[in-house]
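What follows is one structure encoded as C-alpha cells, with my remarks underneath.
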Amino acid sequence: MRELQVATKYGTVQGELLHGASVWKGIPYAKPPVGELRFQAPVQPETWEGIRQATQFGPENIQQRNHQPEGVTGTPNESEDSLYLNIWAPEEKGAAPLPVMMWIHGGSFVAGSGSFPVYDGTQLALRGDLIVVTINYRLGPLGFMHMAPLGDSFATNVGLLDQVAALQWVKDNISAFGGDANQVTVFGESAGSMSIAALMAMPASKGLFQRVIMQSGASQFMPAEQASAIRDGMLKILGVEPDNLQKLKTIPAEQIIAAAETIKQQSGAGMALLFQPVLDAVTLPQTPLQAISEGKAKDIPVLIGTTLHEGSLFIQPHIPYSPEIDMVQAVDFMTPNLENRAAIADSYPKTADGQAQVMTDLYFWRSSVQYAAAQQQHAPVWMYRFDWVMPEHPLLHKAVHSIEMYFVFNTLPVLKYMNAEPDEAAAELALKVQDAWISFAKNGKPATAGVDWPAYEQDRATLIFDHEIEVVHDPEASKRELLGL
C-alpha cells in the first residue's frame, strides 16, 4: 500500500483512496497571488504545521463564464487564490520511482481548470503505473496581461510562471509521492499545448521536464506593442492612472475580469486571444518557434498532433455563412504574412464549414507541422492526427477540437454530458491512445499495439487515430505546400 500521508517541503498532506488510486487534491504550489502578489511572479507557498487534508480540489481561477464546461454542474468554486495542484498515483507502491505526467489544461488562456472531470487522472495513473499531476494557473488578465513595463512590482506572463512554479514543486516534492523528478512529461491541449511551446522557449523552465506532448496547439505569442495597447485599454476601463498603479493591487478581481470582457466587446475581437503569452525580455525573450528552431529545447522529445476538424467546435455548420466575411481576411487573421493568402482562401468552400476548415488548417495544423519540423532537427518528434467521429451525433460527427482528451485520460463516460455514449470500439481506441501517451512518458517513444510508428522526419510519418489506426506519410501534402510548409 502507498502511504496516503505524505511529507512535502512545506508540510504534511493527507490524501485518500479513490477508485483504486491514491489521490491528493488541492495542494498549494505557491502563495495565494493576491494583494501585493497580484501581477507578480509566483512565490513559494507558506509552510504549515500539522496535517493538511488534501481531499478537495482547490478553487478554479476566477474567470468569465459564458457557459459551464462539460460534466461540471452547480456553482463553481472559484477564486483569485487558485494556485493548487492534484496528484493521482497507483494504490500499490513499487520499489522504483514512477514517471510523472503533468497536465496543463486549455481554455484559450481565459478559462478552464485542472479539476474538470475529463482530466481525472485515475485511469492514466493505474494503467500506466505512473504519477499524474494536474494544475490550475492564473488566467485572462490576471495571468497574461503585459505588466512588466509598469515597474518592479509587476511581471509579464505570470500564468506561464505559475506553470514553471508547479513544475518546480514537482521537482522538489514528487519523490515523496513515489515519482521520479527526473522523468517528467508535460502534456497539454489547446492553450495548454501553446503554453508548453512557450515553456520550451523559457529560460526559467530549463531542466524541469524531459518530454512534452502537445495536443492541438503550438507556437503562439503576442508582440509586446499589441499587448501594451490591451493593457492600456484595461487600465482606462478600470480608471487606473499612471501615477496610481498601486490601485491595481486592491481592485476586486471581478472588476478586472469584467474589464477584460469589455475590452473584448469593444475591440470586436471575436475568437482572437487578447490574453496569451507575450514576448518579453525576461520571461519569453523569443517566439517559441524561433527558440526551438535555434535548439533552445535540444534533446526534448515531442509528441504533437491535432484533430481532423479542430475548427468545427467553434464554427458549426448550422451557423449561416455570411458573404460579408472575407475569406482572405480570415486567412490573414489566422496566419498573418502569408504571401499567397488569396490562393489559400480560394481553396476553401465559401461556407461555414469552409471557415471551420480554415481555422483547422491555419491555426492548428499549420503551426503544429511547423513546430514538428523545427524541433525534429534537435530531438525526436512524433506526429499524430485524431480522426475519430460519431456519425450520428450533432457535434461529434466531426473530430472536433478537444475530443481526443477523453481518450487520453480514458474518461469517455464524461461524454454523457454531451448526450454521447461511445461504443465498445471507442473504448478500445481510448486504450490504444492512452498506451501511446504512456509509452512516450515512460520510454520517450510512443507505441501502441500492432502499429510501427516512425518518427516525424523527411517523410512526415503521421499516425492517424480512427476506427482503424494507420500511419500515413505526409498527409494532405498538396495542402501543406499551399500553406507554405
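What's the number of the only condition in (1) assigned to a loop (DSSP other than H, G, I, E, B); (2) of a type outside the set (S, T, N, Q); (3) closer than 30 Å to LEU235 by Cα; (4) open to solvent by 10 Å² or more (accessible area, probe 1.4 Å) that PHE39 fails to meet?
(4)
For region 8-36, give me each residue that is within 21 Å of VAL164 (Cα to Cα), part of a loop (DSSP other than H, G, I, E, B) and open to solvent by 30 Å² or more (accessible area, probe 1.4 Å).
LYS9, LYS31, PRO32, VAL34 - these are the residues of region 8-36 that are within 21 Å of VAL164 (Cα to Cα), part of a loop (DSSP other than H, G, I, E, B) and open to solvent by 30 Å² or more (accessible area, probe 1.4 Å).
Can you name the number of the only condition in (1) hydrophobic (A, V, I, L, M, F, W, C); (2) within 19 Å of SER312 (Cα to Cα); (3) part of a loop (DSSP other than H, G, I, E, B) that TRP453 fails?
Every listed condition holds for TRP453 apart from (2).
Here is a list of conditions, (1) surrounded by 21 or more Cβ atoms within 10 Å (Cβ to Cβ); (2) under 27 Å from SER312 (Cα atoms), and ILE263 meets all of them except one; can you say which number that is?
(1) is the only condition that ILE263 fails.
For region 226-244, what are the residues that are assigned to a helix (DSSP H, G or I) and loosely packed, with under 11 Cβ neighbours inside 10 Å?
PRO242, ASP243, ASN244
From the residues in region 202-225 that are over 23 Å from ALA166 (Cβ atoms) and touching a residue at least 40 places away in the same chain (Cβ under 8 Å), which one is surrounded by the most Cβ atoms within 10 Å (Cβ to Cβ)?
ALA224
Please name all residue pairs, on different chains or six or more residues apart, with Cβ atoms under 6 Å, provided the first residue is in region 463-485 and is open to solvent by less than 90 Å² (accessible area, probe 1.4 Å) and the second residue is assigned to a strand (DSSP E or B) and of a type in the set (Lys, Arg).
ILE464/ARG385
Could you please find all residues in region 354-386 being of a type in the set (Gly, Ala, Ser) and free of Cβ contacts under 8 Å to residues at least 60 places away in the same chain?
GLY354, ALA356
If I filter region 42-58 down to residues being among the polar types (S, T, N, Q) and assigned to a loop (DSSP other than H, G, I, E, B), which single residue comes out as surrounded by the fewest Cβ atoms within 10 Å (Cβ to Cβ)?
THR47
Restricting attention to region 221-231, does a residue exist that is polar (S, T, N, Q) and within 16 Å of ALA291 (Cβ to Cβ)?
Checking region 221-231: not a single residue is polar (S, T, N, Q) and within 16 Å of ALA291 (Cβ to Cβ).
Answer yes or no: is there a residue in region 109-116 that is over 20 Å from the mean Cα position of the chain (by Cα) and touching a residue at least 12 places away in the same chain (Cβ under 8 Å).
no
Which residue pairs have Cβ atoms under 7 Å apart, sit 6 or more places apart or on different chains, and have a first residue in region 175-189 that is within 17 Å of GLY128 (Cβ to Cβ) and charged (D, E, K, R) and a second that is assigned to a strand (DSSP E or B) and at pLDDT 95 or above?
ASP180/LEU98; ASP180/PRO99; ASP180/VAL100
Among the residues of region 429-443, count how many are surrounded by 14 or more Cβ atoms within 10 Å (Cβ to Cβ) and either polar (S, T, N, Q) or at pLDDT below 95 (or both).
Residues that pass the stated criteria total 2.
Restricting the search to region 388-428, which residues are over 25 Å from SER439 (Cα atoms), of a type in the set (A, V, I, L, M) and surrounded by fewer than 19 Cβ atoms within 10 Å (Cβ to Cβ)?
Within region 388-428, LEU395, MET418 meet the criteria.
Please report, ordered by residue number, the helices (runs of 4 or more DSSP H) entirely within region 341-399 with at least 2 residues that are among the polar types (S, T, N, Q).
The helices (runs of 4 or more DSSP H) meeting that bar are 352-358, 366-375.
Would you confirm whether or not region 322-329 contains a residue that is open to solvent by 30 Å² or more (accessible area, probe 1.4 Å), at pLDDT 65 or above and outside any helix (DSSP H, G or I)?
There is no residue in region 322-329 that is open to solvent by 30 Å² or more (accessible area, probe 1.4 Å), at pLDDT 65 or above and outside any helix (DSSP H, G or I).
The values are calculated or read from the model by the stated rules, or taken from the named source; none is laboratory data. Every value quoted in this text rests on a predicted model; they were computed, and no experiment measured them. Note: ideal-geometry Cβ built from the backbone for every residue, glycine included; neighbour counts use all protein chains shown. For accessibility, only protein heavy atoms count, side chains too; no ligands or nucleic acids. Shrake-Rupley method; radii C 1.70, N 1.55, O 1.52, S 1.80 Å.
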